[in-house]
1. Is there any pair with a first residue in the stretch 58-81 that is free of Cβ contacts under 8 Å to residues at least 40 places away in the same chain and at negative phi and a second that is among the polar types (S, T, N, Q) and part of a strand (DSSP E or B) whose Cβ atoms are under 8 Å apart and which are 6 or more apart or on different chains, and what are they?
2. Could you run through the stretch 96-150 and say how many residues are in a loop (DSSP other than H, G, I, E, B), among the hydroxyl-bearing types (Ser, Thr, Tyr) and open to solvent by less than 80 Å² (accessible area, probe 1.4 Å)?
3. Which one is farthest from Ala202 (Cα to Cα), of the residues in the stretch 54-73 that are open to solvent by less than 70 Å² (accessible area, probe 1.4 Å) and outside any loop (DSSP other than H, G, I, E, B)?
4. On the given criteria, is Ser157 small (Gly, Ala, Ser), open to solvent by less than 50 Å² (accessible area, probe 1.4 Å) and modelled with pLDDT under 95?
5. Say whether the condition of being within 30 Å of Asp93 (Cβ to Cβ), in contact with a Pro (Cβ under 7 Å, 6 or more places away or on another chain) and outside any strand (DSSP E or B) is met by at least one residue in the stretch 155-166.
6. Would you pick out the residues in the stretch 167-176 that are in a loop (DSSP other than H, G, I, E, B) and either in contact with a His (Cβ under 9 Å, 6 or more places away or on another chain) or surrounded by fewer than 16 Cβ atoms within 10 Å (Cβ to Cβ) (or both)?
7. Taking the stretch 74-95, which residues are of a type in the set (Val, Ile, Thr), open to solvent by 20 Å² or more (accessible area, probe 1.4 Å) and either touching a Phe, Trp or Tyr at 6+ places or on another chain (Cβ under 6 Å) or closer than 22 Å to Ala134 by Cβ (or both)?
8. Six or more apart or on different chains, Cβ atoms under 9 Å: show the pairs whose first residue is in the stretch 105-126 and more than 15 Å from Gln173 (Cα to Cα) and without any contact (Cβ under 8 Å) to a residue 12 or more places away in the chain and whose second is polar (S, T, N, Q) and not in a loop (DSSP other than H, G, I, E, B).
Amino acid sequence: MSEPTPWPDIVNAIAAGASAVAAGAALFAAKRANTAAERANDTADAVARIERDRWHTELTPQFEITATRLGPGSNRVALLMTLTGQAGLPQLDAVTITIRDDGYTHLPGVGVTQEMLDATIFGPYQFEPGIDDADPDGRRVTTNPMQIGDWVKHSLSVTPVPAWSNLEYWREQYRNEPIRLRLECKAAGFKPWYIATEVRVAEPTAG
């Protein structure tokens, strides 16, 4: 018959078990605390991100844009863009104005390559290449810094007819179509703003 376990050993075993349980409980509590802290940090980051996005949206620049034909029957148009807001935005460092295509899908075909399509502005007007710092293909121009009330004026001309199209068809297709624009506005310390808009050409007023 085996000898009974001495009381000191029993007490030590119980104490060791209790210590292990306590250590496990402490580890569990620490993990829960870390998880809660991480969730709190994630929530704070999400709230801060939402707030930054809301503030960014509220500061979206506002413009008044007009396009006026330079005389009856003229093929040239004056595009006038005035920065009218927002009041909380000190200035825009640059605004890149891009002429967008008509919104239709244009695919390569017989005698028409993707490169030819990419070089074509599908719309009624383009910036005059090389004028007012417009790029060589007449698709975009970038302004100098602008503050509220500042304005810029750019000269537009009718888009050239692609080699694969017909002059009469091309002109008729875009005769009464608006000029589709995309504005990329940059200011120090902010993400860029992207604004899509359209403007129709007005006839010059008499006098």
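The values are calculated or read from the model by the stated rules, or taken from the named source; none is laboratory data. Note that this is a predicted model, so its numbers are computed, not measured. Note that we place each Cβ from the backbone using ideal geometry, even for glycine, and neighbour counts take in every protein chain shown. All accessible areas refer to the heavy atoms of the entire protein, side chains included, with ligands and DNA or RNA removed. Shrake-Rupley method; radii C 1.70, N 1.55, O 1.52, S 1.80 Å.
1. Gln62/Thr84; Glu64/Thr82; Glu64/Thr84
2. Initially, the stretch 96-150 is screened for residues in a loop (DSSP other than H, G, I, E, B), giving 100-108, 110-111, 113, 119-124, 128-130, 134-139, 143-145, 147-150.
Cutting the leftovers down to among the hydroxyl-bearing types (Ser, Thr, Tyr) gives us 104-105, 113, 120, 143.
Imposing the further condition that a residue be open to solvent by less than 80 Å² (accessible area, probe 1.4 Å) reduces the set to 113, 120, 143.
Qualifying residue count, the stretch 96-150: 3.
3. My answer is His56.
4. On the way: small (Gly, Ala, Ser): yes; open to solvent by less than 50 Å² (accessible area, probe 1.4 Å): yes; modelled with pLDDT under 95: no.
No, not satisfied.
5. Within the stretch 155-166 (the criterion being within 30 Å of Asp93 (Cβ to Cβ), in contact with a Pro (Cβ under 7 Å, 6 or more places away or on another chain) and outside any strand (DSSP E or B)), the answer is yes, since at least one residue qualifies.
6. Selection gives Arg175, Asn176.
7. Selection gives Thr82 alone.
8. Once the first residue is more than 15 Å from Gln173 (Cα to Cα) and without any contact (Cβ under 8 Å) to a residue 12 or more places away in the chain and sits in the stretch 105-126, its partners that are polar (S, T, N, Q) and not in a loop (DSSP other than H, G, I, E, B) give Leu107/Gln114; Pro108/Gln114.
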